[in-house]
Amino acid sequence: MMKRGKVWLAVAGLVIDENGKWLVVKKKYSGLKGMWSLPAGFVNAGETVDEAVIREVKEETGLHTTIKGIIGVRSGVIQQDISDNMMIFLLENKGISSIEKEEAELWDVQWKSPQELLTDEKASVMVHEMIKRMGSQHNLNMIEGINPGDQFAYTEYRLFL
């Protein structure tokens, strides 16, 4: 973790199937060990946040997804020192594909209804809070093909508005 320095940027992806069920994973490590949470992970160097969330969901579950928008941001400070930030995306599953669990990191991957997750004490606080607020939010949509000015030297640039 120290190679990340003191500012961390992570992503999480919410994939909802045609029956309204959420794709959740049960991690083998971290503060979420044994808890149902969204597929998530850190953004790598040379990668945009949207590329990172598509990669993480594919690595953890085998699903190929596309971005629908950003539905939340989580930001916190760990031990008054590390800034821990996460962008939460709404994703769409591209076609039918079976789940392939990432064995090293995950105990389980399942589709669960929001109602099921709300009553499950093994679902993360963030998942519970998201379910309570679903339907009341405005998606921030991805805008591509914008150049904010050559002076910035961005090799990739995306706005979510």
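I need every pair where a residue in the range 111-131 that is over 9 Å from Trp22 (Cβ atoms) has its Cβ under 8 Å from the Cβ of a residue that is surrounded by 14 or more Cβ atoms within 10 Å (Cβ to Cβ) and of a type in the set (S, T, N, Q), sequence separation at least 6 or different chains.
Ala123/Ser37; Ser124/Ser37; Met126/Ser37
Hey, among the residues in the range 83-123 that are of a type in the set (A, V, I, L, M) and open to solvent by 30 Å² or more (accessible area, probe 1.4 Å), which one's nearest to Met35 (Cα to Cα)?
Once the filter is applied, the top-ranked residue is Leu118.
Out of (1) modelled with pLDDT under 95; (2) under 19 Å from Ala104 (Cα atoms), the odd one out for Gly5 is which?
(2) is the only condition that Gly5 fails.
For the range 141-153, does any single residue satisfy the condition of being open to solvent by 70 Å² or more (accessible area, probe 1.4 Å), within 16 Å of Leu90 (Cα to Cα) and out of contact with any helix residue (DSSP H, G or I) (no Cβ under 7 Å at 6 or more places or on another chain)?
Checked against the condition, which is being open to solvent by 70 Å² or more (accessible area, probe 1.4 Å), within 16 Å of Leu90 (Cα to Cα) and out of contact with any helix residue (DSSP H, G or I) (no Cβ under 7 Å at 6 or more places or on another chain), the range 141-153 yields at least one hit.
Cβ-Cβ under 7 Å, sequence separation 6+ or interchain: first residue in the range 37-50 and surrounded by fewer than 18 Cβ atoms within 10 Å (Cβ to Cβ), partner of a type outside the set (A, V, I, L, M). Which pairs?
Phe42/Arg4; Phe42/Trp8; Thr48/Glu156; Thr48/Arg158
Looking at (1) more than 17 Å from Trp8 (Cα to Cα); (2) open to solvent by 40 Å² or more (accessible area, probe 1.4 Å); (3) not β-branched (Val, Ile, Thr), which is the one condition that is false for Gln80?
(1)
The values are calculated or read from the model by the stated rules, or taken from the named source; none is laboratory data. Quick caveat, the model's predicted, so the values are computed rather than measured. Quick reminder, even Gly has a Cβ in these numbers, built from the backbone with ideal geometry, and neighbours come from all protein chains shown. Surface accessibility is based on the protein's heavy atoms, side chains included, excluding ligands, DNA and RNA. Shrake-Rupley method; radii C 1.70, N 1.55, O 1.52, S 1.80 Å.
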